[in-house]
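Structure, as structure tokens:
The values are calculated or read from the model by the stated rules, or taken from the named source; none is laboratory data. Computed from a predicted model, the values in this text were never measured in an experiment. We place every Cβ from the backbone using ideal geometry, glycine too, and count neighbours over all the protein chains shown. Remember, those area values only see protein heavy atoms, side chains included, never the ligands or the DNA or RNA. Shrake-Rupley method; radii C 1.70, N 1.55, O 1.52, S 1.80 Å.
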Amino acid sequence: MKNIIFLAPPNGGKGTLSEMLVEKYGYGHISTGDLLRDEIAAKTELGREVENIMKSGKLVSDEIILKLIANRITKPDCANGYILDGFPRTKVQAEKYEELLQKLGKDLGIVIYIDITKEMALNRSISRITCPKCKKIYNKFSEQMRPKVEWICDDCGVELVQREDDKKETFIKRFDEYMDKTMPLYEYYKNKGVLETIKAYPDKFDTFNEAIQVIEK
Ligand code: AMP
């Protein structure tokens, strides 16, 4: 299986699409945001270091992220292919990641850019709730993505939470950070000939079907 990098703004649908593709193909799923939130929940030194940065909507340092990635992509669940959900987010991360791949003899795979308007991403941000245990993503206002019981995870029975950085003001900061630091990767990967674009639709299965088409091309 080709490794996949998702390139999309905050609330662009990377997490939901990753969940669906992991279920269909058995990819390893690497969400750098989830890895960092786990560190915060476990109150580790790293967690304490990144907590306020994440709350402010800023990016965590490239150095920290690259260490997490180097450790994670060598795990057994990634041996047959993995999805990078939220990495790379800067040009330095992209370049260092390629050096790492070269050392490990792994392929870059494909980069899937999710085309979504700022307005649609914002609406998703204020309505997103997640399971702190299994990380499943729900949407309070979507018929399709609402939990069966309000604020309870369908799979774990755990109480769902709203992410601190999903508030409108923080979303806007995260979006600006994305436009400034991450969007240049669009041209970077386009020039390498590995970029595919899919559209974000209101129905997650429409987006999923477009993703399948580019993966199986
Ligand atoms: P996410 O769950 O992908 O939306 O990420 C949540 C937050 O974690 C971001 O706003 C950043 O503060 C931090 N983060 C996640 N991935 C990265 C990354 N690749 N580089 C820098 N910061 C990151």
Would you please name the residue that is farthest from the ligand (Cβ to nearest atom), looking only at residues in segment 79-96 that are free of Cβ contacts under 8 Å to residues at least 60 places away in the same chain and out of contact with any helix residue (DSSP H, G or I) (no Cβ under 7 Å at 6 or more places or on another chain)?
-> A79
Selected residue (only one of Y178, Y113, Y189, Y138 is hydroxyl-bearing (S, T, Y) and free of Cβ contacts under 8 Å to residues at least 24 places away in the same chain) = Y138
Matching option when the condition is part of a helix (DSSP H, G or I), out of contact with any strand residue (DSSP E or B) (no Cβ under 9 Å at 6 or more places or on another chain) and open to solvent by 10 Å² or more (accessible area, probe 1.4 Å), among K106, K96 = K96
Residue selected from segment 98-135 under the condition among the hydroxyl-bearing types (S, T, Y) and within 16 Å of the chain's Cα centre (by Cα), by the criterion farthest from the ligand (Cβ to nearest atom) | Y113
Among the residues of segment 60-70, is there at least one that is open to solvent by less than 50 Å² (accessible area, probe 1.4 Å), farther than 19 Å from G12 by Cβ and charged (D, E, K, R)?
-> yes
Would you mind telling me which numbered condition in (1) near the ligand (Cβ under 10 Å from one of its atoms); (2) surrounded by fewer than 20 Cβ atoms within 10 Å (Cβ to Cβ); (3) within 25 Å of P202 (Cβ to Cβ) S56 fails?
-> (3)
Among the numbered criteria (1) within 20 Å of K133 (Cα to Cα); (2) open to solvent by 20 Å² or more (accessible area, probe 1.4 Å); (3) within 17 Å of the chain's Cα centre (by Cα), which single criterion is violated by D77?
-> (3)
